[in-house]
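Throughout, read-outs are computed from the coordinates displayed, never taken from laboratory work. What you see is a predicted model, and the numbers here were worked out from it, not measured in a lab. Cβ sites come from the backbone with ideal geometry, for glycine too, and all protein chains shown count toward neighbours.
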Amino acid sequence: MKHFPGAANRVAVGQLYMKLKEEYGPRLDINFYDPRCFVFLFDTLRYRLRGDEVTWVLNGKVIFRGIPEWENLKDAIDGVLPAS
């Protein structure tokens, strides 16, 4: 896996995903879109998704491109998601 293109990004996103699931559980609906797939063409165009860049969308708005620090991602979500 070390030599696979984008492997480090996949690991970093996976770690953030696990933190999101632990922190928010079912209160946060997480979806992954592959911009190379025709099914996601509308979302690919709307959010300007690229295959080589992770894009974070919250409530229909792009909040990050690339891989943010955990605290930045958590702050962005906490600012929108109602407290439980």
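Brief remarks follow.
- Based on Cα contacts under 8 Å between residues 6+ apart, the chain shows a relative contact order of 18 percent.
- Charge dipole (the chain, unit charges on Cβ, about Cα centre) - positive-most of Ala76, Leu41, Asn31: Leu41
- Legend: translational diffusion of the stretch 1-56 by Stokes-Einstein, Rh = Kirkwood radius over C-alpha pairs, 37 °C, 0.692 mPa s; D = 256 µm²/s.
- Taking amide H atoms as placed 1.01 Å from N in the peptide plane, the amide H of Leu58 lies under 5 Å from those of Ile63, each 5 or more residues away in sequence or on another chain.
- Calculated on alpha-carbon atoms, Rg and Dmax of the stretch 25-80 in Å: 11.9, 33
- Each Lys and Arg Cβ is given +1 and each Asp and Glu Cβ -1; about its Cα centre, the stretch 1-62 then shows a dipole of about 80 debye.
- The Cβ shell under 15 Å around Val62 holds other residues with a net charge of +3, Lys and Arg each +1, Asp and Glu each -1.
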